[in-house]
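Below you'll find the structure, written out as structure tokens, and then a few comments.
The values are calculated or read from the model by the stated rules, or taken from the named source; none is laboratory data. None of these values were measured; they are calculated from a predicted model. Cβ placement follows ideal geometry from the backbone for every residue including glycine, while neighbour counts extend to all protein chains displayed.
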């Protein structure tokens, strides 16, 4: 079977199983199997696949048809300007989170150096993307997941940032090291009762630990704001990603801990996505 036919058959299977982007996903998965980019696939569509490659591809199509995310099947996810190594048990970076990167770069365009704390680092994509842009910034990332910390270290080495960042396994309550100019976090903020309504790809495969914000969706956010009030320098910035309906409640929590609300950023879909505040 040639490349073109394999992609068409794969896309057909994915479409029947209501996968939202069947053509793109089938191309990405075949690229993974043959270790070539999508341009090669387009230019060599008549090239035949070996029996082994075809078998490997069909296995990936089967897993994708059951809902397993492409990023877990390929172990790679693009975010900002880089590709990050990814594995199951670690939250998949979203394009909406790039809003946070844009804002940090805007806020710090006249800053020469900055010390950053990333709470709940996941794959490390947020902090590492910032440090890769700002060559004199340094940072620390923490996460309760051992798997996340291992992955952060892999991505750190991949981007050549080992001399400017460290990642530690720690929950936010027990982390008491340093003072920071900027604290960033993409915490779990989905209400526990709302988890079952997430898309199948998310609910069945992505880590609940990175999604479940407790009964009101604010459990982790409360802890992060409380700890940030202790670890942030005066006039330091705290940037939090939030759910579309949490703005007013999070503003109230921030105000109680001495933070001034600078602004609320909207995502690609024009929903509230990030709150920027300053410690006063």
Some residue of region 10-33 being over 28 Å from the mean Cα position of the chain (by Cα), farther than 17 Å from residue 83 by Cβ, in a loop (DSSP other than H, G, I, E, B) and without any contact (Cβ under 8 Å) to a residue 24 or more places away in the chain: no
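Can you tell me which residues in region 99-120 are in a strand (DSSP E or B) and either modelled with pLDDT under 95 or under 22 Å from residue 208 (Cβ atoms) (or both)?
At the first step, the residues of region 99-120 found to be in a strand (DSSP E or B) are 115-119.
Listed by number, the residues that qualify are 118, 119.
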Evaluation of residue 95 against (1) in contact with a strand residue (DSSP E or B) (Cβ under 9 Å, 6 or more places away or on another chain); (2) in the same structural domain as residue 182 (by TED's automatic domain parsing); (3) modelled with pLDDT of 95 or more (one fails), failing number: (3)
Residue list for region 168-206, restricted to those being closer than 22 Å to residue 230 by Cα, free of Cβ contacts under 8 Å to residues at least 24 places away in the same chain and either surrounded by 13 or more Cβ atoms within 10 Å (Cβ to Cβ) or in contact with a helix residue (DSSP H, G or I) (Cβ under 6 Å, 6 or more places away or on another chain) (or both): none
Single condition residue 151 does not satisfy, out of (1) surrounded by 16 or more Cβ atoms within 10 Å (Cβ to Cβ); (2) within 16 Å of the chain's Cα centre (by Cα); (3) free of Cβ contacts under 8 Å to residues at least 40 places away in the same chain: (3)
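Mind listing whichever residues of region 86-98 are buried (at least 18 other Cβ atoms within 10 Å of the Cβ) and not in a loop (DSSP other than H, G, I, E, B)?
Selection gives 97, 98.
Per-residue answers, yes or no, for (1) outside the structural domain of residue 172 (by TED's automatic domain parsing); (2) under 26 Å from residue 139 (Cα atoms); (3) modelled with pLDDT under 95:
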position: 199; (1), (2), (3): no, no, yes
position: 203; (1), (2), (3): no, no, yes
position: 216; (1), (2), (3): no, no, no
position: 220; (1), (2), (3): no, yes, no
position: 223; (1), (2), (3): no, yes, no
position: 226; (1), (2), (3): no, yes, no
position: 229; (1), (2), (3): no, yes, no
position: 239; (1), (2), (3): no, yes, no
